[in-house]
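A short write-up of the structure that comes next.
Since every read-out is calculated from the coordinates, none of them should be taken as a lab result. Given the structure is predicted, the values throughout are model-derived calculations rather than measurements. Reconstructed Cβ throughout: ideal geometry from the backbone, glycine too, with neighbour counts over all protein chains shown.
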Amino acid sequence: MKLEDYTPENMELFIKKLIDLGDRHAKDEIKIINHIAKEIGVAALYENLAEEAIELAHAALKTARALRNENPTPITTNEADNHVLEELQDVYLLVLWLYGDFKYDIKTMGEKQARAIRRICEKNTDSSEGKPSK
């Protein structure tokens, strides 16, 4: 089946094709991504990314609620965590569609991790000296 053959009427085949691809570097997948962008537009992909990022934020908040159990939620911590992973996959898929094989900058990531560690150390130092945490 060619890419042009995928229509709303046979969307199940289209979805199966996406799942069967697996390898995100496959030529067919690049064609599918281009087809999606052409059909709905790049602006719509960015809107979809924003919506999925919001859903990821909500899932993360729900997981925090489940972990703390201060503000009970009807779902278990495991269910909440699985929802975070599902939303992460949605966000990642849209990042792939928009940016291709996204490679993060190792230097920037290292700087961000160092900053996080520094903040934790500063907080621990402040609290051990009796100073209020920032």
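Tabulated data
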item: Those residues of region 86-110 whose amide nitrogen sits under 20 Å from the label point placed on GLU39, 7 Å along Cα→Cβ; result: 90-100
item: LYS107, LYS62 arranged by Cβ crowding within 10 Å, fewest neighbours leading; result: LYS107, LYS62
item: Förster radius 41 Å - calculated FRET efficiency between CYS121 and GLU47, Cβ distance, rounded to 0.05; result: 0.55
item: Order of LEU93, LEU61, LEU56 under a 10 Å beta carbon neighbour criterion, fewest first; result: LEU61, LEU93, LEU56
item: Pairs from LYS62/LYS123; LYS62/LYS112; LYS38/LYS112; LYS62/LYS107 whose Cα-Cα separation, in the structure shown, is over 30 Å; result: LYS38/LYS112; LYS62/LYS107
item: Residues ARG65, ARG118 arranged by fewest to most Cβ contacts within 10 Å; result: ARG118, ARG65
